[in-house]
Structures are given as C-alpha cells and as structure tokens.
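Following: one structure in structure tokens, then a few remarks.
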Amino acid sequence: MALEVTGIIENILPLEKGQSKDGKQWQKQSFLLKTDEQYNNLYCFEIFGDEKVENFIKFNKVKILYHLLC
C-alpha cells in the first residue's frame, strides 16, 4: 500500500553509523516531518544507505511517498 505525506522538515536527528556483521559500513539519517494537519501532524522517517544520506538536503517543503509492509 503506497501512502503519501507532504510537510516541512522540522528537525534532522543525529546521523547514525555502524558496521554490519560482514564488515560493511552503513549509515542512516532520521528526520521529523511536520504536516499542516490538526492532529497527528508529526512523523519520523529514516533514510538508509550511504548515497541517500549524502544526498539528503533540508528542504522547506517535501512530499514523501512510502510503502507499509505488514
């Protein structure tokens, strides 16, 4: 199921780095997205992967498409 949320990046949390069991380096960036909705308007998303984190820029307004897996 694909979902979409649009909002402003409210806060960028500290970058997390680590090493997998097979020795590969990884990093992820978490950020808070605030929407214009009255209730439930703050979401936390993560970007995982070196290339994606390096290309992450704080924009004024963003649209995020995501999939829920259950």
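Numbers below:
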quantity: Search result, residues across the range 8-27 that are modelled with pLDDT of 90 or more, open to solvent by less than 60 Å² (accessible area, probe 1.4 Å) and either of a type in the set (Val, Ile, Thr) or within 16 Å of residue 47 (Cα to Cα) (or both); calculated: 13, 18, 27
quantity: Filter pass, residue 59 being modelled with pLDDT of 80 or more, out of contact with any Phe, Trp or Tyr (no Cβ under 6 Å at 6 or more places or on another chain) and aromatic (Phe, Trp, Tyr); calculated: no
quantity: Those residues of the range 1-40 which are part of a strand (DSSP E or B) and among the hydroxyl-bearing types (Ser, Thr, Tyr), in sequence order; calculated: 6, 30
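The values are calculated or read from the model by the stated rules, or taken from the named source; none is laboratory data. Please read these numbers as outputs of a predicted model, since none were measured by experiment. For neighbour counting, all protein chains shown are included, and Cβ atoms are generated from backbone atoms with ideal geometry for every residue, glycine included. For accessibility, only protein heavy atoms count, side chains too; no ligands or nucleic acids. Shrake-Rupley method; radii C 1.70, N 1.55, O 1.52, S 1.80 Å.
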